[in-house]
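Notes to accompany the following structure.
The values are calculated or read from the model by the stated rules, or taken from the named source; none is laboratory data. Here the structure is a predicted model, which is why all the values come from computation and not from measurement. So basically every Cβ, Gly included, is an ideal-geometry build from the backbone, and we count neighbours across all protein chains shown. Quick note on the areas: whole protein, heavy atoms, side chains included, nothing else; ligands and nucleic acids left out. Shrake-Rupley method; radii C 1.70, N 1.55, O 1.52, S 1.80 Å.
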2 protein chains.
Amino acid sequence: MSQVLFNSIQQKVQLSEIEMEQCRGFFLAKKLPKKHYLLRAGEVCAYIAFVEQGLLRSYTIDAKGNEHVLQFAPEGWWISDNYSFLTGEPSSYFIDALERAELLLLKCRAMEEMLQKVPKMERFFRLLMQNNLIAQQRRTLGTLSFSAEERYIRLLNQYPEIVQRAPQHLIASYLGITPETLSRIRKKIASRA
Amino acid sequence: MSQVLFNSIQQKVQLSEIEMEQCRGFFLAKKLPKKHYLLRAGEVCAYIAFVEQGLLRSYTIDAKGNEHVLQFAPEGWWISDNYSFLTGEPSSYFIDALERAELLLLKCRAMEEMLQKVPKMERFFRLLMQNNLIAQQRRTLGTLSFSAEERYIRLLNQYPEIVQRAPQHLIASYLGITPETLSRIRKKIASRA
DNA sequence: GCTTTCCGTTGACATAAGTCAAGAAAGAAA
DNA sequence: TTTCTTTCTTGACTTATGTCAACGGAAAGC
């Protein structure tokens with residue numbers, strides 16, 4: 001059993017050795033080279049992906065052709081398009097690798113079987129979704145309450161490794177600002193320090 | 001068993017008559033008059049609330065003293081501060097009634113007991129959280145992709161009853177704009193129609 | 001029914017952030 | 001190395017939205 005996955009699960013529910021091994025069997029290991037896609041808009045999202053190694057991100061392209069980063073997923077995080085995964089409808093998101101990644105994929109069918117066999121995992125996913133929701137609500141409120149500069153500083157404090165590993169224009173996209181604005185903010189901060 | 005709650009649950013998982021009645025026993029009925037609070041910042045959020053009747057909202061007050069509406073919850077919706085509920089930490093949200101409301105409250109302890117007794121409810125809450133997360137992600141992307149006017153029109157299309165029932169300055173707060181800007185947007189739209 | 005408070009509207013002006021364009025720097029490819 | 005992209009920076013200008021202040025009308029309380 002992957003140590004990273006083990007930690008992610010054990011942090012929320014207590015599984016026995018046996019249950020852990022049972023779970024492991026439902027995942028599919030996959031390596032994803034840099035810039036390769038796990039999901040493209042228009043496709044159905046067949047997997048929930050757990051990141052063992054590397055860095056992924058999900059994003060949309062809006063009607064004006066602008067990209068908007070929804071999520072970064074470094075080691076230990078889960079990523080997918082929940083809507084498409086749940087409903088089987090085509091996705092409107094892209095998911096690709098910013099760094100070469102090692103993933104554990106969980107197909108819809110496999111997930112249902114896993115939940116049957118190891119009911120505690122239902123609780124695990126409930127808690128996972130609940131925590132994701134909490135974080136997402138904070139992001140929404142952050143976008144409404146703070147200026148671009150404040151949001152950047154908060155991101156830097158909360159997820160320094162992501163700011164460091166992802167290219168700057170993607171950080172800008174995540175924050176909902178243009179690369180130019182982020183560049184100016186960084187300059188301003190640097191001149192203060 | 002309340003018909004509204006029954007529908008909310010049955011839409012996601014199939015419960016037998018008996019399971020439904022068992023669940024019912026864990027909820028606490030409560031009437032909340034208009035402008036009364038279910039939760040104030042600083043308190044621990046003891047309940048997840050299901051709205052049978054009426055209209056609630058949750059909001060924060062930021063460092064500059066500005067209110068930001070996180071959620072409106074009309075009949076059939078669930079509302080709480082997940083973070084505080086889950087961790088027992090003090091909340092930073094307020095939840096109050098915009099219209100006189102009838103609620104079904106689920107305390108933390110009662111919820112755990114319910115999940116023990118009716119394991120399918122674990123699945124229900126997983127799906128509920130997952131759907132909330134999907135909606136919240138869309139809101140985040142909406143805030144990043146659309147102008148104030150576009151966001152207002154989208155809200156109007158998606159939740160016309162909320163726009164109608166909540167005062168305009170709270171709609172503005174939800175959209176992340178000032179009441180003045182919303183007033184101007186509405187004028188502009190009216191002049192076009 | 002009168003008074004007070006709250007809410008929405010409007011105008012004038014301020015400002016954060018976006019746009020467009022050019023060039024510099026840094027990485028990737030050859 | 002040299003070339004070719006991609007990413008980041010900087011400047012000049014535009015624009016959406018915020019701020020402040022005044023006013024009118026509707027609702028709430030007495």
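Across peptide A:65-78, the average count of Cβ atoms from other chains found within 10 Å of a residue's Cβ is 1. For helix B:179-192, report the angle its Cα long axis makes with the longest principal axis of the Cα atoms of chain B; keep it between 0 and 90° and round to the nearest 10°. Result, in degrees: 70. The local environment of A:Leu133, defined by Cβ-Cβ distances under 12 Å, has a net charge of +4 under the rule Lys, Arg +1 and Asp, Glu -1. Placing unit charges on the Cβ atoms only, positive for Lys and Arg and negative for Asp and Glu, gives the stretch B:73-144 a dipole magnitude near 340 debye about its Cα centre.
Between the Cα long axis of helix B:148-158 and the first principal axis of chain B there is an angle of about 40°, rounded to the nearest 10.
Using the alpha carbons alone, the radius of gyration of the stretch B:99-162 stands to its Kirkwood radius in an Rg to Rh ratio of 1.15. In this assembly of identical copies, the label point of A:Thr178 (Cα plus 7 Å along Cα-to-Cβ) is separated from its counterparts by 2.3 nm, sorted shortest first. Lysine pair count for the stretch A:3-118 (Cα-Cα distance under 29 Å; residues 8 or more apart in sequence or on different chains): 13.
Farthest toward the positive end of the dipole of the protein assembly as shown, out of A:Pro33, A:Trp78, A:Ser183, is the Cα of A:Ser183, where the dipole comes from beta carbon charges about the Cα centre.
If you sort B:Trp77, A:Trp78 by accessible surface, 1.4 Å probe, largest first, the order is B:Trp77, A:Trp78. Mean partner shielding of peptide A:116-126, defined as the number of other chain Cβ atoms within 10 Å of each residue Cβ, is 4. Across the identical copies, the 7 Å label point of A:Glu113, projected outward along Cα→Cβ, sits 3.8 nm from its counterparts, in ascending order. Both the radius of gyration and Dmax for the protein assembly as shown are 21.6, 67 Å, in that order, over alpha-carbon atoms. Within the listed set B:Lys64, B:Lys34, B:Lys12, the residue fluctuating most in the Gaussian network model of chain B (springs between alpha-carbon atoms under 10 angstrom) is B:Lys64. Note on the stretch A:3-118: the alpha carbon radius of gyration divided by the globular reference 2.2 N^0.38 Å gives 1.10.
For the chain pair B and A, the buried solvent-accessible surface (1.4 Å probe, both sides summed) amounts to about 3600 Å².
For peptide A:164-176, compute the average count of partner chain beta-carbon atoms within 10 Å of each residue's beta-carbon. Spell out each step's value before the answer.
Values: counts 0, 0, 0, 0, 0, 0, 0, 0, 0, 1, 2, 1, 5.
That average works out to 1.
Relative to the dominant Cα principal axis of chain A, helix A:108-117 is inclined by about 50°. To the nearest 10, the accessible area of B:Lys30 is 80 Å² with a 1.4 Å probe. Put simply, the convex hull of the Cα atoms in the stretch A:126-170 casts, on average, a shadow of 3.6 nm². Taking all protein chains together and a 1.4 Å probe, the residues A:Ile185, A:Ile61 rank A:Ile61, A:Ile185 from largest to smallest accessible area. Working note: Cα gyration tensor of the stretch B:32-181, eigenvalues times five, square-rooted, sorted largest first, giving semi-axes of 27, 18, 15 Å.
A point 7 Å from Cα along Cα→Cβ stands in for B:Ala135, and the other copies hold the same point at 2.1 nm, listed in rising order.
Show that you can apply the helix-only estimate: for the protein assembly as shown, add -39,500 (n - 2.57) for every DSSP H stretch of four or more residues, divide by all residues, and state [θ] at 222 nm to the nearest 500.
-15000 deg cm²/dmol
Sorting B:Glu43, B:Glu122 by accessible area puts them as B:Glu43, B:Glu122; the probe is 1.4 Å, largest comes first, and only protein heavy atoms count.
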